[in-house]
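Notes for the one structure printed next.
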């Protein structure tokens, strides 16, 4: 789905609300990704913000089983209609909210691509089906049961008497 910037600019408030729903084969073929987005144009800057919901089919990094994960997040993106390169030819300091996608004079924004990128950026780095996932039996035989550093073996030789109080002598105890 593409929206024309000129259509929004022709409105008196220069705003538009879009309810978007599309199926992406990469995420879940049965459940569409949905988004409620607002588009505002203020001079040369276009702001798109709103809520995105998706159900993803993922594969666990530990046990390799498939699982589903629901995403529900707020997003905000800024576009610039005409290039900033001409105005800031020497140096340009990037501050908060100054991450713009340059449209280079194009009159359309691809909302399908925008929502796709938002979902991709919200997929967790570590995909785990369950917080307690330890993998299956085939994986367990490759995992060391005891993690010990051979350099720390000397500390196993230290013997501590349980009834000895290190702050006082036996006479003080009684």
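The values are calculated or read from the model by the stated rules, or taken from the named source; none is laboratory data. Note that the structure is predicted; figures quoted are calculated from it, not measured. Methodologically, a virtual Cβ is constructed for each residue, glycine included, from the backbone with ideal geometry; neighbour enumeration extends over all protein chains shown.
Computed values, structure above
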item	result
Residue count, segment 4-25 (criterion: within 13 Å of residue 112 (Cβ to Cβ) and either surrounded by 11 or more Cβ atoms within 10 Å (Cβ to Cβ) or in contact (Cβ under 8 Å) with a residue 60 or more places away in the chain (or both))	6
Single unsatisfied condition, residue 23 versus (1) at pLDDT below 85; (2) within 22 Å of residue 122 (Cα to Cα)	(1)
Extreme residue, surrounded by the most Cβ atoms within 10 Å (Cβ to Cβ), among residues of segment 38-79 that are under 16 Å from the mean Cα position of the chain (by Cα) and touching a residue at least 60 places away in the same chain (Cβ under 8 Å)	54
